[in-house]
Each structure stands twice: as C-alpha cells, then as structure tokens.
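Each remark here refers to the structure printed beneath this line.
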Amino acid sequence: MNYKKVIYNTPVGGVYSEIYYFDSNLNNVDEENASKCIIRECKSDGILVKETFGFCNEDNKLL
C-alpha cells in the first residue's frame, strides 16, 4: 500500500503521521492522483493516537 510517512510532533501527541491516498473508489493511489486521504497520527512505537479522513483537491491540498 502506498503512503507517505512524515516525522514531526503531531497536535495530539504523536511523533509521526502516515498519510494514505485514495481515489474516489477508495483504491490506494499515488498522492498526485488522490481525491481522498486518511491521516494516521502515531506514537514512536506505532500505537495509533488519532485517525482522520480527508479530501484532497486538484492540487492535493487537504480541504
């Protein structure tokens, strides 16, 4: 599954985020082809702190 890992302190206490990108049919796609995404904020040991569903516009910016 394609995703992007971003290491930074998240707003809810995680130390990194994983961003998974999907098309309108919820197929996993590359970032540039995405219309939806799931952002998973995790602690250093991989424990999930928060998961957020989002939409991406034509420039792949979160709406």
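The values are calculated or read from the model by the stated rules, or taken from the named source; none is laboratory data. Here the structure is a predicted model, which means the values were calculated and not measured. Ideal geometry is used to build each Cβ from the backbone, glycine not excepted, and the neighbour counts take in all protein chains shown.
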Could you say whether any residue in region 10-31 is modelled with pLDDT under 95 and in a helix (DSSP H, G or I)?
yes
Here the residues within region 32-50 that are at pLDDT 95 or above, closer than 14 Å to Tyr3 by Cα and out of contact with any Gly (no Cβ under 7 Å at 6 or more places or on another chain) are Ile38, Arg40
Hey, among the residues in region 32-53 that are outside any loop (DSSP other than H, G, I, E, B) and not hydrophobic (A, V, I, L, M, F, W, C), which one's surrounded by the most Cβ atoms within 10 Å (Cβ to Cβ)?
Glu41
Restricting to region 26-43, what's the tally of residues that are over 15 Å from Phe53 (Cβ atoms) and not charged (D, E, K, R)?
4
